[in-house]
Each structure stands twice: as structure tokens, then as C-alpha cells.
Amino acid sequence: MGKKLNLFELGADDYVTKPFNNDELLARIKVQLRHANQSVKENILTFKDIEMNISTHTVLCHQQHVSLSKTEFELLKVMMQNPNIVHTKNQLIELVWNGLDSGDDNTLNVHISKIRNKLKSAYPNDEYIETIWSIGYRLKQ
């Protein structure tokens, strides 16, 4: 029994002893595959035809790769995590820049503009971010 516990402490997710039952082995494999698929889905955000993979730090728009800077990626991620709400400028600055001096209204506006342009380059027939004047931004439904 000590060997099994040691394997779990080293990071094993499961353990099968010999001789094993084929049906039990297949059931254990299905559980592991289900967990793997759930984890992949949790790391992918979608809005309209934008797909953001948080794990690989990649963005596809209309099935075209969109290259975003770290800050642009974080801004879009915040908006995609809550696509139906208006994000105030202060909220975005706090979440992306952690309240540091490098984050201000002007800097935020420039980054949003860059994201818009990059998404428009990938798919010019849609607009994804709308400005809510004097408040902030939201993803356009």
C-alpha cells in the first residue's frame, strides 16, 4: 500500500494493479479523457467567432490567428470572461495593470484601438468592441 501512496504523492492521477479487469481499465481511461476535455474547455473562451485559448495564449478570429501583446490579450480576456457587461475604464485598468501608474485612460484607449484594428484585420465584416461613452467598453452583441 505504501507504493501506491507514494505514486499519488509524486503526481499520479490513478493506479491500476495487475491483473486488471479490461472493463475497469476502460472505465478509468474514459474518466481521465473526460477530465482532460473539461480542462481544455475551461481554458477556451469564445465570443461570436473569436476563440481565445488561455493556456496557449492564442486568439483566433474568424479562424485566423490574431497576434496580441500581453496587455491586449489580458484586456480581451477580461471582456470575454464577462461579455454581457460594460467594463468601466477603472475596472479594466485595475484588472489589467493592477492599479499601476502605467495604466491610465489614454493607455487603455490605445490598447483597445489596437485590439479593434487587429480583429478587424482578421475579419473586417464585424465589430467586436463598442465604446460606452464616459463609462468604458463592452463586447458588441
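The values are calculated or read from the model by the stated rules, or taken from the named source; none is laboratory data. Please read all numbers here as calculations on a predicted model, not as lab measurements. So basically every Cβ, Gly included, is an ideal-geometry build from the backbone, and we count neighbours across all protein chains shown.
Observations on the structure shown:
- Selection status of residue 81, touching a Leu at 6+ places or on another chain (Cβ under 7 Å) and polar (S, T, N, Q): yes
- Extreme residue, nearest to the chain's Cα centre (by Cα), among residues of the range 52-61 that are over 11 Å from residue 123 (Cα atoms) and crowded, with 17+ Cβ neighbours inside 10 Å: 52
- If you go through the range 2-32 and keep only what is loosely packed, with under 10 Cβ neighbours inside 10 Å, at pLDDT below 75 and in a helix (DSSP H, G or I), you end up with 2, 3, 9.
- Single residue of the range 101-141 satisfying the filter (within 13 Å of residue 76 (Cβ to Cβ) and in contact with a Pro (Cβ under 9 Å, 6 or more places away or on another chain)) that is surrounded by the most Cβ atoms within 10 Å (Cβ to Cβ): 139
- Selected residue (criterion: farthest from the chain's Cα centre (by Cα)) from residues of the range 62-97 that are of a type in the set (A, V, I, L, M) and under 12 Å from residue 108 (Cα atoms): 93
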